[in-house]
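Participant: Let me give you the structure first, and then I'll get to my questions.
The values are calculated or read from the model by the stated rules, or taken from the named source; none is laboratory data. Owing to the predicted nature of the structure, the values given are computational and were not obtained by experimental measurement. Every residue, glycine among them, receives a Cβ derived from its backbone with ideal geometry; neighbour counts consider all protein chains shown.
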Amino acid sequence: MLNGQPLRLGTRGSPLALAQTRMVAAALTEAHGWPAGTIETVTVSTLGDRVQDRPLADIGGKALWTKELDGALLEGRIDAAVHSMKDVESLLAPGITLAAFLPRADPRDRLLGADSLAALPPGARVGTSSPRRRAQLLHARPDLDVVILRGNVATRMAKVAGGEIHATLLAAAGLDRLGHPDGTALPLDTWLPAVAQGAIGITARADDTALLTALAAIDHADTRRAVEAERAFLVALDGNCHSPVAVHAHQHNGWVLDAELYDTDGTTRVADRLALTPRADIAAFAHALLARAPASIRTLFAA
């Protein structure tokens, strides 16, 4: 409790967002020994939740998940906001900072509807709204019919169960947080995730010193290092929601950053690995990777 008032955590209203907010509340309560009632959950409706019939990239990109939460934060209606970091824009709104990260969960994608990509029948309909997943799917299986699929986890799973599509891809972390151990995890050595996938971040006002100090108690250093490296790579490319990019920072005989860029239909791909030494230049690595790419990929990035 800060200044005698409950700490107001803002969140989207989806089951996954609420589950993640409960995780943050539990971490803070444990770290500080706060009593019950110290933390209040404030649900904020976002345009991304309300508009489900169009691809995210066509109606405003990641800001659809964050704009209303940012507004509530800056207006003082909430004290902090809980986010799936893969849904957070590369550049934060002025006055807002990423105050803490919970330990990163499984960053992999899971395939629902088949035991493997190879097991999908020829021409199978696979649903996704992600340009990255679409490009990766078509790179691996050019015969697939990749169709737009939006909605929460339950909606997407129901589409597969009802036979409207053969399969879909969902983040393993989200499935686990909702108690669904479903699907087949795709290995990271052949299928890289989205930037910051599996990480939960907490934003706060940059001038709220007392709250930033409280949130620092639950900040997970390795997750921050990985997420900041992945986000720096995307910033350097000046990518957007139309840009099929996959990246993963992790420990492999030291910290490394694996990255892939695709064209829209997955026909072409460039990939490389950067050792994240103290002298590593993520921006230079990103620009060099993009320079090696054909025009069909370069035109999808503004760098």
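Participant: I'd like the full set of residues that are more than 22 Å from residue 297 (Cα to Cα) and in a loop (DSSP other than H, G, I, E, B), limited to segment 238-265.
Facilitator: Answer for segment 238-265, where residues must be more than 22 Å from residue 297 (Cα to Cα) and in a loop (DSSP other than H, G, I, E, B): 252, 253, 254.
Participant: Please list, ordered by first then second residue, the pairs with beta carbon atoms under 7 Å, 6 or more apart or interchain, first in segment 68-80 and within 16 Å of residue 13 (Cβ to Cβ) and not assigned by TED's automatic domain parsing to the domain that holds residue 96, second surrounded by 20 or more Cβ atoms within 10 Å (Cβ to Cβ) and basic (Lys, Arg).
Facilitator: So the pair list comes out empty.
Table: residues versus (1) crowded, with 17+ Cβ neighbours inside 10 Å; (2) touching an Asp or Glu at 6+ places or on another chain (Cβ under 8 Å); (3) assigned to a loop (DSSP other than H, G, I, E, B).
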| site | (1), (2), (3) |
| --- | --- |
| 89 | yes, no, yes |
| 94 | no, no, yes |
| 97 | no, no, no |
| 121 | no, no, yes |
| 157 | yes, yes, no |
| 169 | yes, yes, no |
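Participant: Additional query: Residues to consider are 226, 284; find the one that is crowded, with 16+ Cβ neighbours inside 10 Å and among the hydrophobic types (A, V, I, L, M, F, W, C).
Facilitator: Among 226, 284, only 226 is crowded, with 16+ Cβ neighbours inside 10 Å and among the hydrophobic types (A, V, I, L, M, F, W, C).
Participant: On to the next question. Out of everything in segment 203-235 that is assigned to a loop (DSSP other than H, G, I, E, B) and of a type in the set (A, V, I, L, M, F, W, C), what residue ends up being nearest to residue 283 (Cα to Cα)?
Facilitator: First, pick out the residues of segment 203-235 that are assigned to a loop (DSSP other than H, G, I, E, B): 206-208, 217-220.
Those left that are additionally of a type in the set (A, V, I, L, M, F, W, C): 206, 217-218.
Numbers: 206: 25, 217: 30, 218: 29 Å.
That would be 206.
Participant: Are any residues in segment 273-292 touching a residue at least 40 places away in the same chain (Cβ under 8 Å) and either closer than 21 Å to residue 189 by Cα or not in a helix (DSSP H, G or I) (or both), and if so, which ones?
Facilitator: Within segment 273-292, 276, 282, 285, 286, 290 qualify.
Participant: List every residue pair whose Cβ atoms sit under 7 Å apart, with the two residues 6 or more apart in sequence or on different chains, where the first one lies in segment 13-27 and is among the aliphatic types (A, V, I, L, M) and the second, anywhere, is in a helix (DSSP H, G or I).
Facilitator: 16/153; 16/174; 16/177; 19/177
Participant: Hey, among 257, 261, 212, which residue is over 15 Å from residue 132 (Cα atoms), touching a helix residue (DSSP H, G or I) at 6+ places or on another chain (Cβ under 8 Å) and hydrophobic (A, V, I, L, M, F, W, C)?
Facilitator: 257
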